[in-house]
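**Q** Next up is a structure, given as structure tokens.
Just so it is clear, none of the values below were taken in a lab; they were calculated from the coordinates. Because the structure is predicted, anything quoted here is derived from the model rather than measured. Every residue, glycine as well, gets a Cβ built from its backbone with ideal geometry; the counts of neighbours run over all protein chains shown.
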Amino acid sequence: MIRLTDTQAYAIAIGGGTALWLGTGAIAGVREAWDATLYWTIAYPLGGVLAGFLGHAVPRRAWRWGLAMMQAQALALLVTASDLGLAPLGLVLFALLAIPPIAVSMIMAGVRMRRNETG
């Protein structure tokens with residue numbers, strides 16, 4: 001069983017979220033990763049997997065990992081955007097996009113907690 005400190009989990013969530021956003025943009029040749037099909041078919045689902053892994057590894061307040069990952073992507077968008085006119089709308093969208101990774105992280109934390117109780 002993998003055990004991580006909170007600091008390590010935050011580093012993985014933030015680094016992973018940033019890498020998914022910037023990597024997708026670079027591979028697809030777009031400034032904003034969500035403009036690429038690759039983001040929705042590969043990167044965003046991988047973010048859910050990452051959040052689930054972190055929720056299982058560090059189950060206490062597991063919602064943090066999905067949120068931190070999506071906040072890192074929002075920050076990457078703000079840093080790389082050429083025009084911030086739609087930034088408020090983008091931040092609202094990131095808040096909505098954070099819900100599934102948060103849920104996956106919490107579900108996996110629950111799986112870990114139940115395993116600890118029974119095993």
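**Q** Based on the Cβ-Cβ distance from THR18 to GLU117, what FRET efficiency comes out when R0 is 35 Å, to the nearest 0.05?
**A** Between THR18 and GLU117 the formula returns 0.50.
**Q** Taking 0.36 nm per intervening residue step and subtracting the Cα-Cα distance, what contour gain separates VAL30 from VAL79 on full extension?
**A** Values: separation 49, 0.36 × 49 = 17.64 nm, distance 1.44 nm.
Stretched out fully, the VAL30 to VAL79 stretch lengthens by 16.2 nm.
**Q** Just rank TYR39, TYR44, fewest to most, by other beta-carbon atoms within 10 angstrom.
**A** Listing TYR39, TYR44 from fewest to most nearby Cβ atoms yields TYR44, TYR39.
**Q** How high is the relative contact order of the range 6-118, in percent, with contacts defined as C-alpha pairs under 8 Å that are six or more residues apart?
**A** 35
**Q** Also: Enter the angle in degrees (range 0 to 90, nearest 10) between the Cα long axis of helix 99-118 and the first principal axis of the Cα atoms of the chain, meaning the one along which they spread out most.
**A** For 99-118 against the chain, the angle is about 10 degrees.
**Q** Treating only the Cβ of Lys, Arg, Asp and Glu as charged (+1, +1, -1, -1), what charge dipole size does the range 6-118 show about its Cα centre? Round to the nearest 20 debye.
**A** That gives a dipole near 480 debye.
**Q** Also, I was wondering about something else. Pull out the extension gain between THR37 and LEU93, defined as 0.36 nm times the separation in residues minus the alpha carbon to alpha carbon distance; nm, one decimal.
**A** Extra length from THR37 to LEU93 when fully extended: 18.5 nm.
**Q** Still on this structure, I have one more. Which entry is the computed Cα Rg over 2.2 N^0.38 Å for this structure: (i) 1.10; (ii) 1.18; (iii) 1.42?
**A** It is the value labelled (i).
**Q** I'd like the distance between the alpha-carbon centres of the range 1-62 and the range 66-119, rounded to an integer number of Å.
**A** Cα centres, the range 1-62 to the range 66-119: 9 Å.
**Q** Would you order MET108, MET1, MET69, MET113 from fewest to most other beta-carbon atoms within 10 Å of each residue's own beta-carbon?
**A** With the sparsest Cβ surroundings first, the list reads MET1, MET113, MET108, MET69.
**Q** Which of GLY90, ALA28, THR7 sits farthest toward the positive end of the charge dipole of the range 6-118, with +1 on the Cβ of Lys and Arg and -1 on the Cβ of Asp and Glu?
**A** THR7
**Q** Under the rule of -39500 (n - 2.57) per DSSP H run of 4 or more residues, summed and divided by the residues of the chain, what mean residue ellipticity at 222 nm is obtained, to the nearest 500 deg cm²/dmol?
**A** Taken over the chain, the calculation gives -24500 deg cm²/dmol.
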